[in-house]
Amino acid sequence: MAPGPPELPVAVLISGSGSNLQALIDAQQAGELAADIRVVVSNRADAYGLARAATAGIETRVLSHRDFPTRAEYDAALAELLRGFEPGLVILAGFMRILTPGFVARFHGRMLNIHPSLLPKYRGLHTHERVLDAGDNEHGATVHFVTEELDGGPAVIQARVPVLPGDGAERLAARVLAQEHRIYPLAVRWLAEGRVRLDDAGRVMLDGRPLSAPVQLDEIEPD
Ligand code: GRF
(Lines give C-alpha, C1' and ligand atoms only; values in the text may rest on other atoms or scores of the structure.)
Protein backbone atom coordinates (compact mmCIF):
# COMPACT_ATOMS: atom_id res chain seq x y z
CA MET A 1 0.00 0.00 0.00
CA ALA A 2 1.33 3.46 -0.84
CA PRO A 3 2.09 5.47 2.28
CA GLY A 4 -0.45 8.22 3.02
CA PRO A 5 0.49 11.81 3.82
CA PRO A 6 2.53 12.25 7.02
CA GLU A 7 0.33 12.75 10.05
CA LEU A 8 -0.24 16.33 11.11
CA PRO A 9 0.37 16.76 14.85
CA VAL A 10 -2.76 18.25 16.36
CA ALA A 11 -3.94 19.61 19.72
CA VAL A 12 -7.68 19.91 20.40
CA LEU A 13 -9.06 22.41 22.91
CA ILE A 14 -12.46 21.78 24.44
CA SER A 15 -14.73 22.94 27.25
CA GLY A 16 -17.64 20.55 27.06
CA SER A 17 -19.22 17.53 25.42
CA GLY A 18 -16.59 17.15 22.74
CA SER A 19 -18.83 15.72 20.05
CA ASN A 20 -16.77 17.54 17.43
CA LEU A 21 -13.66 16.04 18.99
CA GLN A 22 -15.34 12.65 18.65
CA ALA A 23 -15.99 13.28 14.97
CA LEU A 24 -12.29 14.00 14.51
CA ILE A 25 -11.29 10.88 16.44
CA ASP A 26 -13.72 8.79 14.39
CA ALA A 27 -12.37 10.16 11.11
CA GLN A 28 -8.81 9.55 12.25
CA GLN A 29 -9.59 6.00 13.34
CA ALA A 30 -11.38 5.32 10.06
CA GLY A 31 -8.20 6.28 8.20
CA GLU A 32 -9.86 9.36 6.72
CA LEU A 33 -7.76 11.92 8.54
CA ALA A 34 -3.97 11.93 8.56
CA ALA A 35 -3.75 13.62 11.95
CA ASP A 36 -2.03 12.64 15.15
CA ILE A 37 -4.18 14.01 17.97
CA ARG A 38 -1.44 14.42 20.55
CA VAL A 39 -3.39 16.05 23.34
CA VAL A 40 -6.86 17.22 24.29
CA VAL A 41 -6.88 20.20 26.65
CA SER A 42 -9.93 21.38 28.56
CA ASN A 43 -10.35 24.44 30.74
CA ARG A 44 -13.00 22.49 32.65
CA ALA A 45 -12.27 19.30 34.58
CA ASP A 46 -15.83 18.04 34.07
CA ALA A 47 -15.80 18.27 30.26
CA TYR A 48 -17.16 15.00 28.88
CA GLY A 49 -14.81 15.32 25.93
CA LEU A 50 -11.94 14.37 28.27
CA ALA A 51 -13.50 10.93 28.70
CA ARG A 52 -13.89 10.61 24.93
CA ALA A 53 -10.19 11.40 24.51
CA ALA A 54 -9.14 8.96 27.23
CA THR A 55 -11.24 6.20 25.64
CA ALA A 56 -9.39 6.83 22.39
CA GLY A 57 -6.04 6.64 24.19
CA ILE A 58 -5.27 10.33 23.71
CA GLU A 59 -3.43 12.30 26.38
CA THR A 60 -5.55 14.81 28.25
CA ARG A 61 -4.76 17.91 30.28
CA VAL A 62 -6.97 20.17 32.35
CA LEU A 63 -5.90 23.79 32.59
CA SER A 64 -8.48 25.65 34.61
CA HIS A 65 -8.92 29.32 33.91
CA ARG A 66 -9.80 29.70 37.59
CA ASP A 67 -6.17 29.10 38.50
CA PHE A 68 -4.97 32.18 36.66
CA PRO A 69 -5.60 35.80 37.63
CA THR A 70 -5.60 37.13 34.09
CA ARG A 71 -6.49 35.99 30.61
CA ALA A 72 -2.93 36.72 29.47
CA GLU A 73 -1.46 34.47 32.16
CA TYR A 74 -3.87 31.68 31.31
CA ASP A 75 -3.04 31.91 27.63
CA ALA A 76 0.70 31.96 28.37
CA ALA A 77 0.31 28.75 30.39
CA LEU A 78 -1.79 27.21 27.65
CA ALA A 79 0.83 28.08 25.04
CA GLU A 80 3.52 26.58 27.22
CA LEU A 81 1.50 23.40 27.70
CA LEU A 82 0.90 23.09 23.96
CA ARG A 83 4.54 23.75 23.15
CA GLY A 84 5.43 20.42 24.73
CA PHE A 85 3.23 18.64 22.18
CA GLU A 86 4.51 20.58 19.16
CA PRO A 87 1.17 20.83 17.39
CA GLY A 88 1.15 21.86 13.74
CA LEU A 89 -2.52 22.68 14.17
CA VAL A 90 -4.63 23.78 17.13
CA ILE A 91 -8.30 22.86 16.84
CA LEU A 92 -10.86 24.73 18.89
CA ALA A 93 -13.79 22.37 19.38
CA GLY A 94 -16.25 24.04 21.70
CA PHE A 95 -13.48 25.82 23.63
CA MET A 96 -15.47 28.52 25.39
CA ARG A 97 -12.66 31.00 25.95
CA ILE A 98 -11.77 34.20 24.17
CA LEU A 99 -8.10 34.00 23.28
CA THR A 100 -5.65 36.87 23.64
CA PRO A 101 -4.07 38.43 20.53
CA GLY A 102 -0.68 37.06 21.58
CA PHE A 103 -1.96 33.51 21.68
CA VAL A 104 -3.78 33.91 18.38
CA ALA A 105 -0.66 35.35 16.73
CA ARG A 106 1.44 32.41 17.88
CA PHE A 107 -0.82 30.03 15.97
CA HIS A 108 -1.56 32.27 13.00
CA GLY A 109 -2.68 30.09 10.09
CA ARG A 110 -2.46 27.05 12.35
CA MET A 111 -5.63 27.35 14.41
CA LEU A 112 -9.19 26.47 13.39
CA ASN A 113 -12.54 27.01 15.07
CA ILE A 114 -16.04 25.79 14.35
CA HIS A 115 -18.93 28.13 14.91
CA PRO A 116 -22.62 27.23 14.80
CA SER A 117 -23.80 29.81 12.28
CA LEU A 118 -23.38 30.84 8.69
CA LEU A 119 -20.66 33.38 9.38
CA PRO A 120 -20.44 36.33 9.09
CA LYS A 121 -23.98 36.09 10.45
CA TYR A 122 -24.41 35.55 14.19
CA ARG A 123 -20.99 35.74 15.71
CA GLY A 124 -20.90 35.02 19.43
CA LEU A 125 -23.28 33.01 21.59
CA HIS A 126 -26.87 31.74 21.36
CA THR A 127 -26.83 31.52 17.60
CA HIS A 128 -29.74 29.09 17.32
CA GLU A 129 -32.06 31.27 19.37
CA ARG A 130 -31.03 34.35 17.39
CA VAL A 131 -31.70 32.62 14.06
CA LEU A 132 -35.17 31.61 15.26
CA ASP A 133 -35.90 35.09 16.66
CA ALA A 134 -34.93 36.64 13.33
CA GLY A 135 -37.22 34.28 11.43
CA ASP A 136 -34.43 33.08 9.14
CA ASN A 137 -35.21 30.07 6.98
CA GLU A 138 -31.62 28.91 6.89
CA HIS A 139 -28.90 28.28 9.46
CA GLY A 140 -25.69 26.30 9.57
CA ALA A 141 -22.10 26.04 10.71
CA THR A 142 -18.73 27.38 9.60
CA VAL A 143 -15.13 26.25 10.03
CA HIS A 144 -12.75 29.19 9.99
CA PHE A 145 -9.18 30.16 10.72
CA VAL A 146 -8.86 31.95 14.03
CA THR A 147 -7.81 35.59 13.98
CA GLU A 148 -8.00 38.29 16.62
CA GLU A 149 -11.54 39.08 15.56
CA LEU A 150 -13.93 36.82 17.47
CA ASP A 151 -15.59 34.39 15.03
CA GLY A 152 -14.31 36.67 12.29
CA GLY A 153 -11.40 34.78 10.70
CA PRO A 154 -11.35 33.59 7.08
CA ALA A 155 -13.85 30.79 6.52
CA VAL A 156 -12.95 27.45 4.94
CA ILE A 157 -16.21 25.52 4.72
CA GLN A 158 -19.86 25.89 5.63
CA ALA A 159 -22.80 23.54 5.92
CA ARG A 160 -26.29 24.95 5.48
CA VAL A 161 -29.29 23.66 7.40
CA PRO A 162 -32.90 24.61 6.67
CA VAL A 163 -34.95 25.98 9.55
CA LEU A 164 -38.07 23.81 9.64
CA PRO A 165 -41.55 24.72 10.82
CA GLY A 166 -41.87 24.04 14.53
CA ASP A 167 -38.10 24.10 15.14
CA GLY A 168 -37.02 25.03 18.63
CA ALA A 169 -33.45 25.93 19.50
CA GLU A 170 -32.63 22.44 20.69
CA ARG A 171 -33.88 20.64 17.61
CA LEU A 172 -32.21 23.14 15.31
CA ALA A 173 -28.95 22.93 17.28
CA ALA A 174 -28.95 19.14 16.95
CA ARG A 175 -29.32 19.32 13.18
CA VAL A 176 -26.56 21.93 12.94
CA LEU A 177 -24.30 19.84 15.17
CA ALA A 178 -24.73 16.83 12.90
CA GLN A 179 -23.39 18.96 10.04
CA GLU A 180 -20.55 20.26 12.18
CA HIS A 181 -19.44 16.66 12.53
CA ARG A 182 -19.18 16.43 8.74
CA ILE A 183 -17.38 19.69 7.97
CA TYR A 184 -14.83 19.80 10.77
CA PRO A 185 -13.03 16.53 9.91
CA LEU A 186 -13.13 17.55 6.26
CA ALA A 187 -11.52 20.94 6.89
CA VAL A 188 -8.84 19.38 9.10
CA ARG A 189 -8.23 16.76 6.45
CA TRP A 190 -7.68 19.42 3.81
CA LEU A 191 -5.17 21.15 6.08
CA ALA A 192 -3.41 17.89 6.89
CA GLU A 193 -3.14 17.11 3.19
CA GLY A 194 -1.75 20.58 2.48
CA ARG A 195 -4.74 21.41 0.29
CA VAL A 196 -5.85 24.33 2.47
CA ARG A 197 -3.72 27.07 3.92
CA LEU A 198 -3.91 30.71 4.85
CA ASP A 199 -1.76 32.88 2.59
CA ASP A 200 0.18 36.00 3.57
CA ALA A 201 -2.72 38.20 2.50
CA GLY A 202 -5.01 36.34 4.91
CA ARG A 203 -6.86 34.52 2.15
CA VAL A 204 -7.85 30.88 2.38
CA MET A 205 -6.13 28.96 -0.40
CA LEU A 206 -7.65 25.68 -1.57
CA ASP A 207 -5.60 23.64 -4.02
CA GLY A 208 -3.51 26.73 -4.78
CA ARG A 209 -6.42 29.06 -5.50
CA PRO A 210 -7.89 31.71 -3.21
CA LEU A 211 -11.43 31.00 -2.06
CA SER A 212 -13.79 33.85 -2.84
CA ALA A 213 -16.30 32.29 -0.43
CA PRO A 214 -16.22 29.32 1.91
CA VAL A 215 -16.75 25.93 0.30
CA GLN A 216 -20.35 24.83 0.72
CA LEU A 217 -20.69 21.25 1.88
CA ASP A 218 -23.34 20.45 -0.70
CA GLU A 219 -20.88 21.46 -3.47
CA ILE A 220 -18.63 18.54 -2.64
CA GLU A 221 -18.97 15.33 -4.59
CA PRO A 222 -19.10 12.28 -2.35
CA ASP A 223 -15.94 10.13 -2.80
C1 GRF B 1 -20.54 23.34 18.86
O2 GRF B 1 -21.83 23.78 18.55
C3 GRF B 1 -19.53 24.28 18.27
O4 GRF B 1 -19.94 24.82 17.06
C5 GRF B 1 -19.46 25.35 19.31
O6 GRF B 1 -19.56 24.68 20.54
C7 GRF B 1 -20.25 23.46 20.35
C8 GRF B 1 -19.36 22.38 20.84
O9 GRF B 1 -19.99 21.13 20.86
N10 GRF B 1 -18.27 26.13 19.12
P11 GRF B 1 -19.15 19.83 21.20
O12 GRF B 1 -18.46 20.07 22.54
O13 GRF B 1 -18.16 19.61 20.10
O14 GRF B 1 -20.17 18.72 21.30
Mean accessible surface per residue for the chain, computed with a 1.4 Å probe while every protein chain stays in place, in Å²: 50 Å²
Mean ellipticity per residue at 222 nm, deg cm²/dmol - from DSSP H runs of n ≥ 4 across the chain, formula -39500 (n - 2.57): -9500 deg cm²/dmol
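Relative to the present Cα-Cα distance, how much length would full extension add between residue 216 and residue 29 at 0.36 nm per residue of separation?
64.8 nm
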Share of carbon and sulfur in the accessible heavy-atom surface of the chain [1.4 Å probe, %]: 51 percent
Dipole magnitude (debye, nearest 20) for region 100-159, charges at Cβ of Lys, Arg, Asp, Glu: 280 debye
Convex hull projection area averaged over all views, region 1-149, Cα basis, nm²: 10.4 nm²
Fraction of beta bridges assigned by DSSP in the chain that are antiparallel (%, nearest 5): 45 percent
Whole-Å distance, taken between Cα centres, linking region 139-185 and region 6-44: 18 Å
For the chain: relative contact order, % (alpha-carbon pairs under 8 angstrom, 6 or more apart): 18 percent
Cβ-based charge dipole, region 1-62, positive-most Cα from 39, 23, 6: 39
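The values are calculated or read from the model by the stated rules, or taken from the named source; none is laboratory data. If you're wondering where the values come from, they're calculated on a predicted model, not measured in any experiment. All Cβ positions, glycine included, derive from the backbone under ideal geometry; neighbour counts span all protein chains shown. Areas reflect the complete protein model, heavy atoms only, side chains present, ligands, DNA and RNA absent. Shrake-Rupley method; radii C 1.70, N 1.55, O 1.52, S 1.80 Å.
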